[in-house]
Amino acid sequence: MNFRIIIKRLGTVLLILSACMIPSLIVSIIFSEKGWITFATPIAVIFFIGIVMQSIKATSSDVFIREGFAIVSFSWIIVSLFGALPYILSKSIPNALDAIFESISGFTTTGASVLTDIESLPKSIIFWRSSTNWMGGMGVLVLLIAVMPTVKGNNLFILKAESPGPSTEKIVPKIKNTAKLLYLIYITLTIIQVIFLLFGGMSLFDSLVHSFSTAGTGGFSSKTASIGAFNNLYIEIVITIFMFLFGINFTLYFLLLKGNLKNVFKDEELQFYTIVIIFSVALISLNTFGRIYNSFGQALRYSSFQVCSIITTTGFSTFDYNLWPLFSQTILIILMFTGACSGSTSGGLKCIRILMLFKIARREISKRIHPRAVSVITLNGKKVEEKDVYSILVYLAVYAIILLLGVFIISLDNKDFLTTLSSVISTINNIGPSLGAAGPAGNFAQFSPLSKVVFSFLMLIGRLEMYPLLMLIVPKFWTKQNI
C-alpha cells in the first residue's frame with residue numbers, strides 16, 4: 001500500500017474543500033453576517049492541513065486498485081468531518097454528532113436533516129448546505145482528477161470507486177479529460193437551471209441553492225417546507241425537468257453532444273428509467289385523484305414532482321406524501337429502491353441493476369422451460385459477461401444484508417415500523433425524507449445518537465456503493481501487495 005501517495009491525494013482533497021468554502025464566506029460578507037469567521041477559520045485550518053499533507057514526498061506516484069479505493073473512502077470521511085465545522089462554529093448545529101450527520105447527508109447528497117427551522121439559519125450556512133450537495137453530486141474525487149496534474153498511476157481506479165453505478169468507462173481517451181468533460185456538462189446544466197428559476201421569480205440566492213441541490217440530487221432547500229413553500233407551478237415544472245435530467249447517465253450527454261442521437265434513445269436503461277417514471281406518475285395520479293386532490297391536474301402536478309424527486313433520490317417535496325393512500329406510498333418505496341440511471345448523480349440501486357435483475361429472472365425461467373438452450377443476456381445489443389451478472393447479484397445480496405442490519409439496529413429506537421424501515425431505505429439510498437415520522441413534515445433529529453451514527457454509515461456506504469468502505473475492514477486489503 002502506497003500510504004504516502006494516499007496522504008498526498010487526501011491533502012489535495014482538503015485544499016479543494018477549503019476553496020469550495022470560499023463562496024460561502026463571500027455570501028456571509030454580502031449579507032453582512034457577523035459570523036463570517038464561521039468560514040474564515042475552517043478555510044485557514046483546512047488549507048494549512050492540506051498543504052502539510054501535500055508536502056509529504058512519495059517515492060512512487062502510482063495509484064492502483066487499493067490506493068484508489070482507500071483515497072475515495074478516506075476522502076469522503078475527512079471531507080464530511082471537516083465540512084461539519086461551519087455548522088458547529090456558527091452554532092447552527094452545536095451538537096458535533098448532529099453537525100457531522102448534516103455534513104455527511106449533504107456530501108452524500110442524501111438530504112436527510114436534523115434541522116427544524118431552515119429560514120432561521122444564516123444565509124451562508126444555507127448556501128453551504130446546498131454547496132455540499134453540489135460538490136457531492138459529481139464527487140470531490142472527480143474534481144480532484146480534473147484539476148490535478150497527470151500522474152503515472154491509473155486514475156481510472158479512483159473514478160471507478162467514486163462514480164455511482166455498476167460500471168465506469170472512459171468517454172474520452174484520457175481520464176483527466178473525462179473528468180473535466182463530466183464537470184463541464186454538470187456545471188452547464190446547473191447554470192441553465194439557475195437561469196430558468198430566475199425567470200420564475202426566484203431570487204438569485206434561492207435559484208443557486210435549489211439548482212445546486214437539484215444538480216447533486218441532494219434536496220437541501222432554503223425553506224423548511226422545501227419547494228412547497230414557493231407554491232409556484234412554473235418552479236415545480238423546472239425543478240421536475242432538471243431532476244429528471246440529472247438522473248440520466250452523463251455519458252449519454254456526451255453522445256448527445258457528438259450527435260449520436262440513435263444510441264442515446266436506444267439506451268435500455270434510459271428507456272426503463274423513463275417508462276418507470278411515466279407509469280408511476282400515472283398510477284399515483286389516478287390513486288390520489290378524488291381522494292386527496294379535487295382535480296386530475298392537481299394530482300398530476302404533485303405526483304410528477306414527487307415521483308421524479310424520489311426516483312432521482314433528490315428528496316425535494318411539495319406535499320406531505322404521508323397523507324397519500326397506501327398504494328401511492330408503496331410506489332414511492334419501490335422508487336426509493338430503484339433510483340435513477342448509473343453514471344448520474346442519483347443514489348439507489350440504479351435502473352440498470354433492476355433492469356438486469358429482470359433479464360436474469362427471465363433467463364432463469366427460460367432455462368427451466370428449455371434446459372438445453374444456450375441463453376445470453378444482452379444490454380444495448382451487447383452481450384453481458386457472466387462475471388458482470390454475478391457481480392450484480394452479489395451487490396444486491398450485500399445491499400440486502402446491510403439494509404436488514406440497519407433496520408435491526410434502528411429498531412432499538414422503538415419507532416413505528418414504517419418510520420424505521422423507510423428511514424433506513426432513505427439513508428442507504430441517499431434519498432433524504434422518508435415516510436412516517438421522518439417524512440417531509442418531520443426530520444431525523446428525533447433519533448438516538450446510535451441511530452444517527454448508523455444512518456451516517458448507511459449514507460456513506462450507499463453513496464460509495466458498498467465496496468470502497470467495506471474494503472477498509474478487510475485485513476487483506478492492507479497486506480496484499482499490488483500486482
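The values are calculated or read from the model by the stated rules, or taken from the named source; none is laboratory data. Just so we're clear, the structure is a prediction, and the values are computed from it rather than from any experiment. Counting neighbours? That spans all protein chains shown, and the Cβs are built from the backbone with ideal geometry, glycine included.
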**Study point:** In the range 241-255, residue surrounded by the most Cβ atoms within 10 Å (Cβ to Cβ) [restricted to those that are in contact with a Ser or Thr (Cβ under 6 Å, 6 or more places away or on another chain) and assigned to a helix (DSSP H, G or I)]
**Key:** MET243
**Study point:** Output for the range 199-222, where each listed residue is free of Cβ contacts under 8 Å to residues at least 40 places away in the same chain and either surrounded by fewer than 21 Cβ atoms within 10 Å (Cβ to Cβ) or not small (Gly, Ala, Ser) (or both)
**Key:** PHE199, GLY200, GLY201, MET202, SER203, LEU204, ASP206
Revision key, fill the gap. Within the range 50-70, of all residues that are buried (at least 17 other Cβ atoms within 10 Å of the Cβ) and more than 21 Å from MET471 (Cβ to Cβ), the one modelled with the highest pLDDT is GLY50
Study note, to complete from the structure: The residue that is nearest to SER344 (Cα to Cα), considering only those in the range 299-316 that are surrounded by 24 or more Cβ atoms within 10 Å (Cβ to Cβ) and among the polar types (S, T, N, Q), is THR312
Practice item. Quick one: which helices (runs of 4 or more DSSP H) lie wholly within the range 438-483 and hold at least 2 residues that are modelled with pLDDT under 80? Key: 467-471, 475-479
Review point. Within the range 177-208, which residues are small (Gly, Ala, Ser) and over 22 Å from LYS223 (Cβ atoms)?
Key: ALA179
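For the range 223-235, which positions are crowded, with 21+ Cβ neighbours inside 10 Å and part of a helix (DSSP H, G or I)?
Selection gives SER226, ILE227, ILE235.
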Review point. If you take the residues in the range 354-396 that are acidic (Asp, Glu) and within 25 Å of VAL276 (Cα to Cα), which one is surrounded by the fewest Cβ atoms within 10 Å (Cβ to Cβ)?
Key: GLU364
**Study point:** Meets criteria (surrounded by fewer than 19 Cβ atoms within 10 Å (Cβ to Cβ) and among the polar types (S, T, N, Q)) for ASN263
**Key:** yes
**Study point:** Output for the range 369-414, where each listed residue is more than 17 Å from LEU357 (Cβ to Cβ), part of a loop (DSSP other than H, G, I, E, B) and either in contact with a Ser or Thr (Cβ under 8 Å, 6 or more places away or on another chain) or among the hydroxyl-bearing types (Ser, Thr, Tyr) (or both)
**Key:** ALA373
Revision key, fill the gap. Within the range 419-437, residues closer than 12 Å to ASN322 by Cα and in a helix (DSSP H, G or I) come out as THR419, SER422, GLY436, ALA437
Revision key, fill the gap. For the range 24-42 the number of residues that are closer than 18 Å to PHE205 by Cα and loosely packed, with under 15 Cβ neighbours inside 10 Å is 5
**Study point:** The lone exception for ILE392 - which of (1) under 23 Å from the mean Cα position of the chain (by Cα); (2) over 30 Å from GLU268 (Cβ atoms) it fails
**Key:** (2)
Check your understanding: Of the residues that sit in the range 320-353 and are of a type in the set (Val, Ile, Thr) and more than 15 Å from the chain's Cα centre (by Cα), which one is farthest from LEU286 (Cα to Cα)?
Key -> ILE352
Review point. Going through the range 190-215 one residue at a time, which ones are part of a loop (DSSP other than H, G, I, E, B) and at negative phi?
Key: GLY200, MET202, SER203
Practice item. Could you check how many residues of the range 390-441 are under 13 Å from MET466 (Cβ atoms) and in contact (Cβ under 8 Å) with a residue 12 or more places away in the chain? Key: 12
Exercise for review: Name every residue in the range 423-437 that is modelled with pLDDT of 90 or more and out of contact with any Gly (no Cβ under 6 Å at 6 or more places or on another chain), in order of residue number.
Suggested key: SER423, ILE425, SER426, THR427
Practice item. Within the range 204-228, count every residue that is more than 19 Å from GLY137 (Cα to Cα) and either at pLDDT 95 or above or touching an Asp or Glu at 6+ places or on another chain (Cβ under 9 Å) (or both). Key: 6
Practice item. Write out, first by first residue and then by second, each pair whose Cβ atoms fall under 8 Å of each other, whose residues are 6+ apart or on separate chains, and whose first residue, in the range 342-353, is more than 11 Å from GLU269 (Cα to Cα) while the second is part of a helix (DSSP H, G or I) and basic (Lys, Arg). Key: GLY347/ARG463
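Looking only at residues that are in a loop (DSSP other than H, G, I, E, B) and small (Gly, Ala, Ser) in the range 102-120, which one is surrounded by the fewest Cβ atoms within 10 Å (Cβ to Cβ)?
The extreme case among them is SER113.
Please specify each residue of the range 71-101 satisfying the condition of being assigned to a loop (DSSP other than H, G, I, E, B), at negative phi and surrounded by fewer than 18 Cβ atoms within 10 Å (Cβ to Cβ).
Within the range 71-101, PRO94, ASN95 meet the criteria.
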Practice item. With respect to PHE417, determine if the residue is closer than 24 Å to GLY247 by Cα, hydrophobic (A, V, I, L, M, F, W, C) and surrounded by fewer than 17 Cβ atoms within 10 Å (Cβ to Cβ). Key: no
